[in-house]
Amino acid sequence: MTRTFLATSALTLLAILTGSTAAQDAPEEKTITLTERLGIHQLTPHLLLGKLADGHYEALAKELGVKRVIVLAAPANADLLAPVIAAGMKAECHSLVKNINDPPDQQRVDFQTVRELVDTLRSSTEDIVYVCGDDQHDYVNFLEFTYRLIANNEPVADALRAIVENGFAGHRSPGMVRDMKLLASGLQELPNVSSPPISNTDLLGKGELIQAGGAKLHVKQLGKGDPVYVLHGGPGETHRLYRPFFDVFAQKHKVVYYDQRGCGYSSKPQYAEAYTLEMLAKELDSLRQALGHDRISLIAHSTGGLIAVRYALDYPEHLEKMVIVSSWASGEQFMAYEKLIGALMPIEDVSIVVGIQKEATNKGRHLNDQELSLFAQAAAPQGFFGVLSGKARADWNRRILVGSFANTVMSDEVFKTVDLRPKLEKVLGIPTLVIAGEYDFITPPSVVRLLADGIKGAEFHVLPLCGHFSFVEQNEAFTTLVEEFLATPAPK
């Protein structure tokens, strides 16, 4: 789902990269308050978080009633405490890094220390405590993330969203995103992401072109049995992302992969009216007719889930079952998490994204297919919970091809204005399985659940230790869940 990866605009990514903020760009004549200057926000009535307050500690005590200051630094530095003590406040300094002499990308957060600090702060209800650190690292944000996770029992994506809103950027502290995942999951190391082998000839080669819905659609069919159509995401991506992961279903079913209009080897109409959820559902039904299938089942991922729901509303008599993976019902809910992927990206990938956008902007045009595909490749690792090795990333990148026209003209509808919630109650009598990834920061489980809750009788499952591509990271569990669902007779 490309625009998900691109949801944080290049301008936002540029701000992350350069550290520019609204406060820094404000007119000189504006009076900046102490709270604005130090980036202070209140987590609890007794806990304030912000930057080091050199020259402002007395003001902290007088204006905000701070009695105690905790400085987070690596390594711990007693010299940082002198101005705090001089201002009449209690002071202490802690390092959250346990191997400070290692290269930045190999440094690890000391989980025991951060948990102990959270426990201390959670039980402190007498004095107002100010926790601060320098603005070149994200120790304060990591502490807040842990506090929200442990003390407030917030979902991982919500805890992450809160610190992103407060300025967290993964490129400043290499390895911190990894440690957040480890802290949340309880694992010692992140799993490596791998996939079954598939040749370029099989994956990238052309299938057949079938006229359907006013376009020639690129189609690949595998196996025999009841037809199961795969709806890819994007908008603008292709069926490649799902091979060979969904090929296993061809052992018992006729699996129909196809590229939606504007995607892959399918034809690319160059007028915006061709690219709506209504038109893509109509296109799907035209393909069903062309292939001679009376009733079909759907496996739909990401934006493909929106097409599946639209198909269920418009053509229920031809829909047997549907499986919806990592999708949503509300653009408003989706957009609430749009900044996460950009904030998680390492510096080298942020640089690629910003460079591509600058090139297009300087020439006064949108990104073309090649640029948008490179953009998506740069952001792709953040769609996974685990780690993509160089080889695994190259394997994944060959699946990424994005049609820029389809992506551009459909983005507003699928990411911003869509709201299927009032219509979901009309999806009746169609067995539905909805799947979310536990660590999906593109479509968190809470967002996916809204879709499942709106469809009467829908099953909802959260697969552990995986992100937006649960069928890759939890392939066996995903396959078993879907195959059992497809094998269960639909009620008559």
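The values are calculated or read from the model by the stated rules, or taken from the named source; none is laboratory data. Given the structure is predicted, the values throughout are model-derived calculations rather than measurements. Heads up, the Cβs are rebuilt from the backbone with ideal geometry, glycines too, and the neighbour counts pull from every protein chain shown. To get the accessible areas, we keep the full protein, side chains included, count just its heavy atoms, and leave off ligands, DNA and RNA. Shrake-Rupley method; radii C 1.70, N 1.55, O 1.52, S 1.80 Å.
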Residue satisfying all of: in the range 132-149; open to solvent by 10 Å² or more (accessible area, probe 1.4 Å) and not hydroxyl-bearing (S, T, Y); farthest from the chain's Cα centre (by Cα) among these: D134
Close pairs (9 angstrom Cβ cut-off, 6 or more residues apart or separate chains): over 16 Å from V462 (Cα atoms) in the range 475-492, open to solvent by 30 Å² or more (accessible area, probe 1.4 Å) and among the aromatic types (F, W, Y) anywhere: none
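Please verify whether I442 is more than 26 Å from A379 (Cβ to Cβ) and surrounded by 23 or more Cβ atoms within 10 Å (Cβ to Cβ), treating the condition exactly as stated.
Values: more than 26 Å from A379 (Cβ to Cβ): no; surrounded by 23 or more Cβ atoms within 10 Å (Cβ to Cβ): yes.
For I442, the condition - more than 26 Å from A379 (Cβ to Cβ) and surrounded by 23 or more Cβ atoms within 10 Å (Cβ to Cβ) - is not met.
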Search result, residues across the range 270-292 that are out of contact with any His (no Cβ under 8 Å at 6 or more places or on another chain), of a type outside the set (G, A, S) and buried (at least 17 other Cβ atoms within 10 Å of the Cβ): Y275, L277, M279, L280, K282, E283, L284, L287, L291
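Given the range 150-207, what helices (runs of 4 or more DSSP H) lie entirely inside it while holding 2 or more residues that are open to solvent by 30 Å² or more (accessible area, probe 1.4 Å) and among the acidic types (D, E)?
Working: elements: 156-165, 176-185, 200-204.
Correct list: 156-165.
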Identity of the residue in the range 47-66, closer than 20 Å to H137 by Cβ and among the charged types (D, E, K, R), that ends up least open to solvent (accessible area, probe 1.4 Å): K51
Among (1) hydroxyl-bearing (S, T, Y); (2) open to solvent by less than 20 Å² (accessible area, probe 1.4 Å); (3) closer than 22 Å to Y271 by Cβ - the single one S373 does not satisfy: (3)
Criterion violated by T125 - all others in (1) closer than 28 Å to T33 by Cβ; (2) assigned to a loop (DSSP other than H, G, I, E, B); (3) polar (S, T, N, Q); (4) under 31 Å from the mean Cα position of the chain (by Cα) satisfied: (4)
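Can you report the number of residues in the range 97-112 which are at pLDDT 90 or above and either open to solvent by 30 Å² or more (accessible area, probe 1.4 Å) or in contact with a Gly (Cβ under 9 Å, 6 or more places away or on another chain) (or both)?
Residues of the range 97-112 at pLDDT 90 or above: 97, 108-112.
Next cut, either open to solvent by 30 Å² or more (accessible area, probe 1.4 Å) or in contact with a Gly (Cβ under 9 Å, 6 or more places away or on another chain) (or both) only: 108-112.
Going through the range 97-112 one residue at a time, the tally reaches 5.
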Unique match (being over 21 Å from the mean Cα position of the chain (by Cα), among the aliphatic types (A, V, I, L, M) and open to solvent by 40 Å² or more (accessible area, probe 1.4 Å)) among A458, A487: A487
Elements of type strands (runs of 3 or more DSSP E) in the range 213-312, at least 1 residues being among the aromatic types (F, W, Y): 226-231, 253-259
Residue tally, condition open to solvent by 60 Å² or more (accessible area, probe 1.4 Å) and either of a type outside the set (D, E) or touching a strand residue (DSSP E or B) at 6+ places or on another chain (Cβ under 8 Å) (or both), over the range 315-350: 4
Hits in the range 216-258 - residues which are small (G, A, S) and either under 24 Å from F415 (Cα atoms) or at pLDDT below 95 (or both): G233, G234, G236
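Select, from R399, R365, the only residue that is outside any helix (DSSP H, G or I), basic (K, R) and modelled with pLDDT of 95 or more. Please lay out each step first, then the result.
Details: R365 fails: modelled with pLDDT of 95 or more.
That would be R399, the only listed residue that is outside any helix (DSSP H, G or I), basic (K, R) and modelled with pLDDT of 95 or more.
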Where a residue in the range 243-262 is within 14 Å of G233 (Cβ to Cβ) and its partner, wherever it lies, is small (G, A, S), with Cβ under 6 Å and at least six apart: D259/S266; G262/G403; G262/A406
K391 surrounded by fewer than 18 Cβ atoms within 10 Å (Cβ to Cβ), touching a Gly at 6+ places or on another chain (Cβ under 6 Å) and either at pLDDT below 95 or assigned to a helix (DSSP H, G or I) (or both): no
